[in-house]
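Working notes, beginning with the structure itself.
The values are calculated or read from the model by the stated rules, or taken from the named source; none is laboratory data. In this text the structure is predicted, and so the values were computed from the model without any measurement. Virtual Cβ from ideal backbone geometry, glycine too; neighbours counted across all protein chains shown.
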Amino acid sequence: MKIDDLEKLKNEGPDTLPSKERRKFLKWGLAVTGVFAGGAVLSLTSAKNVQGALEGIKLKKYPYKPHYCMIIRQDRCVDCEKCKEACVKTNNVPEYGYRTTILEREIPIGPDEKQREFMPVLCNHCNHPPCVRVCPTRATYKDEKTGIVMMDYKKCIGCKTCMAACPYNARYFNEEKRAIDKCNFCFDTRLSKGEKLTACAAACPADVRIFGDLSDPESRVYKLIHEPDRVVWVLRPETGAMPNVYYTKG
Amino acid sequence: MSNNLSTGTLSEPRVATPTVNTATAFAILFTVVGLGVGVYAMIAGHHHVYACTREVPWGILISTYAFFAITSTGLCLLAAIGHLFGGTPLMHLGNRAVYLSIATILAAFSVIGLELESPWRMLIYNVISPNLTSNIWWMGTLYGMAVGAMFIEFFAIVTRQWNLALAVGIMGALAEVGANTNLGAVFATLSARPFWYGAQLPVFFLCSSFASGAAAIILFTHLAYKMRGTDFDERTFRGLQSAGKVLALTLFLLVVATAWRFIVIFTGNNEMAMIAANHLLKGKMATNFWLFEVAIGMVFPLLLLIGTQMKNVPAMSIAGAMTLVGGFIQRYDLVVAGQQVPVYYGWDDLPSYLGYIPSIGELLVVMGGIGVCLTLFLIGERVFGKVFKPAEHH
């Protein structure tokens, strides 16, 4: 049938379409988009705004035991900053620096309407951490047991290459230590002392930050990430860092 | 080895004119003040003196280090090519090139030593805790080896042990190539910084090193003859012409590489890289880019060299000076522009241009680095002046 002929046909509208047909059509659409976009289904927007893109997340293997990770239920965050306060207090973070912070922006939801959105950020404890690769003296390293990206302050020469290499702005120079400082999931201050949560996760009144062991099928993080209908994404997947901080809504 | 070595066979006392003495005094003053400020910054804390931030951790000290290091590589390679292939007129400039390569790498080390927050830890942990995947580690180690090799090479030249000089010179040159391309890779392998990321920068740095090295040997040889008040002999002139050809060719290649570098960025879909590129093309850094990096750094010297057919030494010298000025700004543009787009661009009303203006303290340390280079050049002409005469060996 030619396009001219098609145009003459009456539009049946979607109301009469059986849901099976609709699903089939959507599946085709997704498959075609997936093929042409090389799998990056939502590459219509810049990668860091992509939500629902599962590229960068490989849910098959967990190289560490425990494999610590954090899930951030982004839409629950109200920017109360209790996480930041707890982090500063627990880890003795100076006022000129931070290990975790909350970003915000206004997104348009109508012609004259905007909605404020918050996003907590911290070290992503990547499986392929660019900071660890570039450090000349192995002052920053991936802990072999937990996968936490840690600092050995005395080895840090202060070249700041890890700061340039980090896709997540997770590092700052600590003047007192004369070394780079960063989030270590409160390993020295809490986890190694038997606590189960990081200070920020424990302090969050809205249960935004879910912390736990991704290799444990009984953990909250495992269950949340594996919910079949849940959309989970990571920040800046295009860098290939394979982060362990996941974002979701609800 | 010659047994007749004495300062008389090496030094060039006639260089010590009042003008040169004054220039040397100023160069030493620049060095002492500039490096003194850097030492103060190390004690007081960099944040009190330097303008770098969490978002823009690298500034003009990194770019100045890169500038001197790249120039050092070029000088070392030109010397090695001259000495290795004895037939090329470049060999007549080789001894001075080796010395200047040492001078520029020491200037680079001075600046980077004052840029690192805790450099003394590097001396320990680079050795006992090396990270072989780190480009910084390789760069530091290979530049260290290269400078060691060049010290031996220069000693061998002074003591007329030509075979040793040649062998060590080749080793030094290979180490310099490794160090230089690793310096490019420091930037090129950071996927978090799309403006830098990609395969081009290591070879771009190598090409830049030949341009800067050729520019430096032309300019400093010209200055050296001015200081002596003598005309060029035939061999030196042919050496300068040869360096001029290297300069013209590499400038041409850099123009082509720069054009494609930017075109490729705009054919991709990486927004961060495009925003960074636009800072240079039409943003706050446009004067730096178009006037200094492109016009003064590449196009004018190239036209000057082609127009004068490499027959006019002052013209070649001006082209060399312009190349060095443009090269200095190019390293700055590359370092700064690559960090201008926030990694979380689009959030927190973050600006698309983070901004960085070098502090007075940083500029003084840069002056210190230039002071080191000039001081070593001026003193070198006096102490080793005769060593730099056109080669008689090979």
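Numbers at a glance
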quantity	calculated
Of the criteria (1) touching a Ser or Thr at 6+ places or on another chain (Cβ under 6 Å); (2) in a helix (DSSP H, G or I), which one B:P390 fails	(2)
Contacts under 8 angstrom Cβ, first residue in segment A:75-93 being on the phi > 0 side of the Ramachandran plot, partner surrounded by fewer than 19 Cβ atoms within 10 Å (Cβ to Cβ) and charged (D, E, K, R), 6 or more apart	A:D79/A:E104
Given (1) more than 14 Å from chain A (Cβ to nearest Cβ); (2) surrounded by fewer than 22 Cβ atoms within 10 Å (Cβ to Cβ), number of the condition B:F210 does not satisfy	(2)
Test for B:P351: is it modelled with pLDDT under 95 and within 30 Å of A:F118 (Cβ to Cβ)	yes
Qualifying residue in segment B:172-181 (condition: surrounded by fewer than 22 Cβ atoms within 10 Å (Cβ to Cβ) and over 12 Å from B:A80 (Cα atoms))	yes
Residue within segment A:184-199 that is more than 24 Å from B:Y344 (Cα to Cα), hydroxyl-bearing (S, T, Y) and either more than 11 Å from chain B (Cβ to nearest Cβ) or under 20 Å from the mean Cα position of the chain (by Cα) (or both) present	yes
Filter pass, B:T221 being surrounded by 22 or more Cβ atoms within 10 Å (Cβ to Cβ), within 18 Å of the chain's Cα centre (by Cα) and not aromatic (F, W, Y)	yes
Helices (runs of 4 or more DSSP H) fully within segment B:233-321 counting 3 or more residues that are modelled with pLDDT of 95 or more and within 19 Å of the chain's Cα centre (by Cα)	B:234-267
Residue among A:C131, A:C123, A:C87, A:C83 that alone is within 14 Å of chain B (Cβ to nearest Cβ), in a helix (DSSP H, G or I), at pLDDT 95 or above and out of contact with any His (no Cβ under 8 Å at 6 or more places or on another chain)	A:C131
Subset of segment B:105-134 that is of a type in the set (D, E, K, R) and more than 17 Å from the chain's Cα centre (by Cα) - its residue that is nearest to B:I60 (Cα to Cα)	B:E117
Qualifying positions in segment B:118-138 - within 7 Å of chain A (Cβ to nearest Cβ), surrounded by fewer than 23 Cβ atoms within 10 Å (Cβ to Cβ) and outside any helix (DSSP H, G or I)	B:S118, B:S129, B:N131, B:T133
Selection status of A:R190, in contact with a strand residue (DSSP E or B) (Cβ under 6 Å, 6 or more places away or on another chain) and either assigned by TED's automatic domain parsing to the domain that holds A:V78 or farther than 14 Å from A:C123 by Cβ (or both)	no
Set A:A206, A:A241: member being within 14 Å of chain B (Cβ to nearest Cβ) and in a loop (DSSP other than H, G, I, E, B)	A:A241
Residues within segment A:140-158 that are crowded, with 18+ Cβ neighbours inside 10 Å and either basic (K, R) or within 7 Å of another protein chain (Cβ to nearest Cβ) (or both), tallied	5
Criterion violated by B:F187 - all others in (1) surrounded by fewer than 23 Cβ atoms within 10 Å (Cβ to Cβ); (2) part of a helix (DSSP H, G or I); (3) hydrophobic (A, V, I, L, M, F, W, C) satisfied	(1)
Single unsatisfied condition, B:Y197 versus (1) out of contact with any His (no Cβ under 6 Å at 6 or more places or on another chain); (2) surrounded by fewer than 21 Cβ atoms within 10 Å (Cβ to Cβ); (3) more than 14 Å from every other protein chain (Cβ to nearest Cβ)	(3)
Count of residues meeting criterion [crowded, with 19+ Cβ neighbours inside 10 Å, of a type in the set (A, V, I, L, M, F, W, C) and facing chain A (nearest Cβ under 9 Å)] in segment B:326-365	2
